[in-house]
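Here is the structure we will look at.
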Amino acid sequence: MSGPAPMVEVRGVRKSFGGVEVLHGIDLTVAAGEVTVILGPSGSGKSTLLRAINHLERPDAGLVRVDGALMGLRRVGGRLHELRERAVLRQRARIGFVFQNFHLFPHLTALENVAEAPVGALRRPRARARREAAALLDRVGLGDRLDAYPRQLSGGQQQRVAIARALALSPRVLLFDEPTSALDPELVGEVLTVIRDLARGGTTMLVVTHEMGFAREIADTVVFMDQGRIVEQGPPDAVLDRPRHPRTRAFLAQVR
Amino acid sequence: MSSAPPAAPLPAQHAPLNDDFAELATLPVVPARHYGRWLAGALVVVLTAQFLHGLATNPGWDWPTFFDYLLAESVLKAVWLTIQLTFYGTALGFTLGVLLAVMRLSRSPVLRAVAWTYVWAFRSIPLIVQLLFWFNLAYLYRELGLGIPFGPVFWTFETMHLVGPLAAAVIGLALHQAAYAAEIVRGGIIAVDSGQREAAAALGLPKARQLRRIVLPQAMRGILPNAANEIISLFKGTSIVSVMALGELFYQVQVIYGRNGRVVPLLMVATVWYIVLTTVLTVVQHAVERRFARGAEREPTPGPFRRAREALQRPPWAARLARRGQAPPGAAPEAPGTPEARAGGAR
Ligand SMILES: Nc1ncnc2c1ncn2[C@@H]1O[C@H](COP(=O)(O)OP(=O)(O)OP(=O)(O)O)[C@@H](O)[C@H]1O
Ligand SMILES: [Mg+2]
């Protein structure tokens, strides 16, 4: 691929659960500063792919490289050694992950949620981490809810805290797994606005979403997955308006 | 509980459908009367009064002897020993229990097996049997040594010196407690949503911190009520070490009534102390539970002290007076994001 250096490279990634293969050798490249949107029917392996990228699931085969660093492996001479959990955790701190169900820490305030990883994973001084966390929450429009606990926030606000929490590690890549699908329709907009701003700011992102209009608007590349394979990929207008693969056509006809 | 406002005529049972709503809204509402409840309440009060009267007047209770011994030095010493046994038993027991719980949840089959076996063994052996084993340790092993396993020994101790009766009791109680604590802690940990662990891992938090900062504080909510049960039951269970002739509270009162024959008042001395200390533990439990309930409810309930202070500042009769002829309840504006709503979440 020409153009900017790749930020995320996925090569031949396979993953099985209980003998059933759900990713059949995925190849995918995301250039630095690009936004890639992953579409596909339920069960097609979108979440599993994102989780394999940050090694929440270890792939059974294949390689993932993020910003030049091989995930979960280390090259020693002519071999690749599996990294231990501790090292993988360090690698993960460079990848932001936003979950469908937020998974905020309910016993910590919004501010503490955001400041947790900088202190715990990057060993930043607490005062500095809290200052930066407050700034991040302000950026996602929650500067006045720093001391609220997650349960005291609306779904959209919770997801914005989760985005701020992912941003607090100054990640090289942000992975979003259906960030709006647990939200009421009127709350979707506020979350998409935040993601849109990040996209404009040049953050590399992989976004799984079912919001077609949003996908078209922010995506540099749209990837369509079906049954554990990438069926089709390309610029949004090509994939969304003139899909070549029948599966893509059938899927798009359905969601429209 | 409010006193009944003056009775007023109720609207007719079958009011015509086109009855004027505005007029209905002006009629006072008479609260339902619970005659059965009042009767039962009165009965309980009478029975309680009778019981208390019996306590005070029946000479068999021998209150003078009770008061002689309640604060006697020997009794206080025994109470202190009971507290120590409970404290060390709990502290060591739960420390080991957390360790065992984490081992049982680890990915290492060896650690899992060891923890499982421990829990199995120590829940199978009656505490009293175990205590007697420890007490007789010197009989099994005259000396204990510290050194390389199967290799040279660097230090040796006389078992008798190292494991006196107090140490034997603490070890026995702690080992026993650890088996139960392990299961309680494990239960709390597995009840925490696995997404929490995953989110912590996605943020790259080190394992130990995931556990200490994310999982355990949430697990504590489930652990605390059970742990409090265990501690209170251990506290009273310390009376079992009287088999080792250790002068804890129960042993001490037995010694005293063995000497003077005043069984009932001395049992009351022990009972009162157990009640007092259990009450203290219960209050502590309540406070600790509140501490770990942070963020668990949308609107946290104020603590007992705050409630009491507010009640004193604004007694119920004042509230009732204020309510007369005021806006209907629920009319207060309640917008999310107001400063009050936020203050509710602040620590
Ligand atoms: N931990 C697991 N154990 C067993 N099977 C799993 C596990 N995780 C995922 N799967 C299976 O893998 C397949 C892909 O799942 P995945 O969650 O990646 O789909 P998805 O594309 O994200 O779907 P959705 O749009 O519904 O979120 C599904 O068939 C699912 O049942
Ligand atoms: Mg999914």
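The values are calculated or read from the model by the stated rules, or taken from the named source; none is laboratory data. Just so it is clear, the structure is predicted and the values come from calculations on it, not from any experiment. FYI the Cβ positions are ideal-geometry reconstructions off the backbone, even for glycines, and counts take in every protein chain you see. Surface accessibility is based on the protein's heavy atoms, side chains included, excluding ligands, DNA and RNA. Shrake-Rupley method; radii C 1.70, N 1.55, O 1.52, S 1.80 Å.
Selection within the range A:150-186: residues that are open to solvent by 40 Å² or more (accessible area, probe 1.4 Å) and acidic (Asp, Glu). The member of this set that is nearest to ligand 1 (Cβ to nearest atom) is A:ASP184.
With the structure loaded, tell me whether B:TRP38 is closer than 29 Å to B:VAL243 by Cβ, open to solvent by 70 Å² or more (accessible area, probe 1.4 Å) and either in a helix (DSSP H, G or I) or in contact with a His (Cβ under 8 Å, 6 or more places away or on another chain) (or both) or whether it fails that test. Judged against the criteria, B:TRP38 is not a match.
Candidates are the residues of the range B:64-83 that are under 28 Å from B:ALA178 (Cα atoms) and touching a residue at least 40 places away in the same chain (Cβ under 8 Å); the one that is surrounded by the most Cβ atoms within 10 Å (Cβ to Cβ) is B:THR82. Number of residues in the range B:267-283 that are open to solvent by 50 Å² or more (accessible area, probe 1.4 Å) and closer than 15 Å to B:THR86 by Cα: the value is 6. When B:ALA169, B:ALA181 are screened for being modelled with pLDDT of 95 or more and assigned to a helix (DSSP H, G or I), only B:ALA181 passes. Would you mind stating whether A:LEU49 is near ligand 1 (Cβ under 9 Å from one of its atoms), in contact (Cβ under 8 Å) with a residue 40 or more places away in the chain and more than 14 Å from chain B (Cβ to nearest Cβ)? Yes; evaluated as a whole, the condition is true for this residue.
Taken over the range A:53-71, the residue count meeting the criterion of being crowded, with 22+ Cβ neighbours inside 10 Å and within 13 Å of another protein chain (Cβ to nearest Cβ) is 5. Residues of the range A:211-234 that are touching an Asp or Glu at 6+ places or on another chain (Cβ under 7 Å) and surrounded by fewer than 20 Cβ atoms within 10 Å (Cβ to Cβ): A:ASP220 alone.
Suppose we filter the range B:284-300 for residues that are modelled with pLDDT of 85 or more, within 13 Å of chain A (Cβ to nearest Cβ) and exposed (fewer than 14 other Cβ atoms within 10 Å of the Cβ); how many remain? Residues that pass the stated criteria total 1. Within the range A:24-42, restricting attention to residues that are within 8 Å of ligand 1 (Cβ to nearest atom) and in contact (Cβ under 8 Å) with a residue 12 or more places away in the chain, the residue that is most open to solvent (accessible area, probe 1.4 Å) is A:PRO41.
Within the range A:160-177, does at least one residue satisfy the condition of being more than 12 Å from every other protein chain (Cβ to nearest Cβ), of a type outside the set (Val, Ile, Thr) and either over 30 Å from A:GLY68 (Cβ atoms) or touching a Gly at 6+ places or on another chain (Cβ under 7 Å) (or both)? Yes, because at least one residue in the range A:160-177 is more than 12 Å from every other protein chain (Cβ to nearest Cβ), of a type outside the set (Val, Ile, Thr) and either over 30 Å from A:GLY68 (Cβ atoms) or touching a Gly at 6+ places or on another chain (Cβ under 7 Å) (or both).
Taking residues in the range A:200-222 that are more than 14 Å from every other protein chain (Cβ to nearest Cβ), and partners anywhere that are within 16 Å of ligand 1 (Cβ to nearest atom) and among the small types (Gly, Ala, Ser), the pairs with Cβ atoms closer than 7 Å and at least 6 places apart or on different chains are A:VAL208/A:SER47; A:THR209/A:ALA215; A:HIS210/A:SER181; A:VAL222/A:ALA215. Taking the range A:3-76 as the region of interest, the strands (runs of 3 or more DSSP E) fully inside it that hold 1 or more residues being under 24 Å from A:ALA215 (Cα atoms) and within 16 Å of ligand 2 (Cβ to nearest atom) are A:20-31, A:35-39.
Residues checked against (1) open to solvent by less than 30 Å² (accessible area, probe 1.4 Å); (2) touching an Asp or Glu at 6+ places or on another chain (Cβ under 7 Å):
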position: B:ALA181; (1), (2): yes, yes
position: B:ALA191; (1), (2): no, no
position: B:ALA219; (1), (2): yes, no
position: B:LEU224; (1), (2): yes, yes
position: B:ALA227; (1), (2): yes, no
position: B:ILE231; (1), (2): no, no
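Taking B:ILE214, is it of a type in the set (Val, Ile, Thr), crowded, with 19+ Cβ neighbours inside 10 Å and within 14 Å of chain A (Cβ to nearest Cβ)? Against the criterion (of a type in the set (Val, Ile, Thr), crowded, with 19+ Cβ neighbours inside 10 Å and within 14 Å of chain A (Cβ to nearest Cβ)), B:ILE214 qualifies.
Test A:THR203 against the criterion of being more than 16 Å from ligand 2 (Cβ to nearest atom), closer than 30 Å to A:LEU122 by Cα and either open to solvent by 30 Å² or more (accessible area, probe 1.4 Å) or in contact with a Gly (Cβ under 8 Å, 6 or more places away or on another chain) (or both), and give yes or no. Yes. Taken over the range A:93-144, the criterion of being among the charged types (D, E, K, R) and over 23 Å from A:ASP197 (Cα atoms) is satisfied by A:GLU112, A:GLU116, A:ARG123, A:ARG124, A:ARG126, A:ARG128. Of the residues A:GLY77, A:GLY120, A:GLY143, only one is over 21 Å from B:ILE214 (Cβ atoms), without any contact (Cβ under 8 Å) to a residue 60 or more places away in the chain and within 13 Å of chain B (Cβ to nearest Cβ); which? After ruling out the rest, the residue left standing is A:GLY143. Say we look at the range A:93-107 and pick out the residues that are at the interface with chain B (Cβ under 7 Å from one of its Cβ atoms) and within 12 Å of the chain's Cα centre (by Cα); which of these is nearest to ligand 1 (Cβ to nearest atom)? The residue in question is A:PHE99. Take the residues of the range B:233-247 that are small (Gly, Ala, Ser) and at pLDDT below 85: which is least open to solvent (accessible area, probe 1.4 Å)? By that ranking, first place goes to B:SER242. The single condition from (1) at pLDDT 95 or above; (2) assigned to a helix (DSSP H, G or I); (3) open to solvent by 20 Å² or more (accessible area, probe 1.4 Å) that A:ARG90 fails is (1). Residues of the range B:84-125 that are among the charged types (D, E, K, R) and either surrounded by 20 or more Cβ atoms within 10 Å (Cβ to Cβ) or modelled with pLDDT of 95 or more (or both): B:ARG104, B:ARG112. Within the range A:130-139, the set of residues being within 21 Å of the chain's Cα centre (by Cα) and open to solvent by 10 Å² or more (accessible area, probe 1.4 Å) comprises A:LEU136, A:ARG139. Out of all the residues in the range B:56-73, is one or more modelled with pLDDT under 90 and of a type in the set (A, V, I, L, M)? Yes, some residue in the range B:56-73 is modelled with pLDDT under 90 and of a type in the set (A, V, I, L, M).
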